[in-house]
Amino acid sequence: LVARVEGSPLFVEECVRALAQQGTLAAVSNDATGSGPQRRYACWQVPESIEMPPSMHDVIASRIDRQSHSCVLLLNILSVVPRRIPLWLVEGVLGRSAAATEALQEAVSAQILVSVTLSPDIEYDFTHAVLREVAHDAVTRPRRAEAHRRVFSTIEAHHSDRLQDHAEWLAYHAAEGQ
C-alpha cells in the first residue's frame, strides 16, 4: 500500500476503504468495549496476493460507481458546481422528492458529500476536490452542459430579485452550458 500510494493521504484512505469494502481488510474496534468507531483494520492475507487499485482516479471512480444509480446521477450533476452546494440548489436541480433526498443522504453516508454549513442555509460539498473531479470527468460534455443549464435556471429562479449579486455565478454556468 505504501509503495502504491506514493505518499498521498487521500489515496491511502481511498485504498483502505476499497480494500475493506471488498473484504480484504477487516475492521477492528478501537477500544476494549467494541463500541468505538471502526477505523482500524486487520489483514489476514499475504500482502503480495492483494490486488491494489491501479490509480487514485480508478479507486475513486469505483467508489462512486458502487452507489445507487440515483446517487451517481446526483453526484454527476452536482460536480458542475465548483463550490459549496446549497440545499435549495440540490432541490431546484433534482426536485424535492424522496428519491432525491435518499440520493443525497446516500452520498453523505458514503462520505462523498459532506454537510459544511447548517445556518442560515444547509450547504454540501465534496469531501475532496478529487472526488468532484472524478464525478465531473464521468459526465459527457452534452450532459455537463445540460447540468450547467439546470443549475443556471435554478440560481436564476432562486435569486430573481438579486441577479446582479450573483452575476459571476450565473455567467460561469451560462458559459459552461453553451
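I'd like to check which helices (runs of 4 or more DSSP H) are fully inside the stretch 72-178 and have at least 2 residues that are touching an Asp or Glu at 6+ places or on another chain (Cβ under 8 Å) and under 29 Å from Glu14 (Cβ atoms). Fully inside the stretch 72-178 and qualifying: 141-158. Scanning the stretch 26-63 for residues that are surrounded by fewer than 10 Cβ atoms within 10 Å (Cβ to Cβ) and at pLDDT 75 or above, we see that the one that is nearest to the chain's Cα centre (by Cα) is Pro54. Only a single criterion out of (1) at pLDDT 95 or above; (2) farther than 23 Å from Gln21 by Cβ; (3) of a type in the set (Phe, Trp, Tyr) is not satisfied by Tyr124, namely (2).
With respect to being charged (D, E, K, R), modelled with pLDDT of 90 or more and within 19 Å of the chain's Cα centre (by Cα), Glu91 fits the description. Among the candidates His173, His128, the residue that is within 19 Å of Pro86 (Cβ to Cβ) and not polar (S, T, N, Q) is uniquely His173. In the stretch 116-133, the qualifying residues are those that are of a type in the set (A, V, I, L, M) and touching a residue at least 24 places away in the same chain (Cβ under 8 Å), and the one that is surrounded by the most Cβ atoms within 10 Å (Cβ to Cβ) is Leu131. If you scan the stretch 64-89, which residues turn out to be more than 17 Å from Arg149 (Cα to Cα), in contact (Cβ under 8 Å) with a residue 40 or more places away in the chain and open to solvent by 70 Å² or more (accessible area, probe 1.4 Å)? Selection gives Arg66, Arg84.
The values are calculated or read from the model by the stated rules, or taken from the named source; none is laboratory data. Since the structure is predicted, the reported quantities are computational estimates derived from the model, not experimental observations. Because the Cβ atoms are built from the backbone with ideal geometry, glycine has one as well, and the counts that use them run over all protein chains shown. Just the protein is used for accessible areas: all its heavy atoms, side chains included, with ligands, DNA and RNA removed. Shrake-Rupley method; radii C 1.70, N 1.55, O 1.52, S 1.80 Å.
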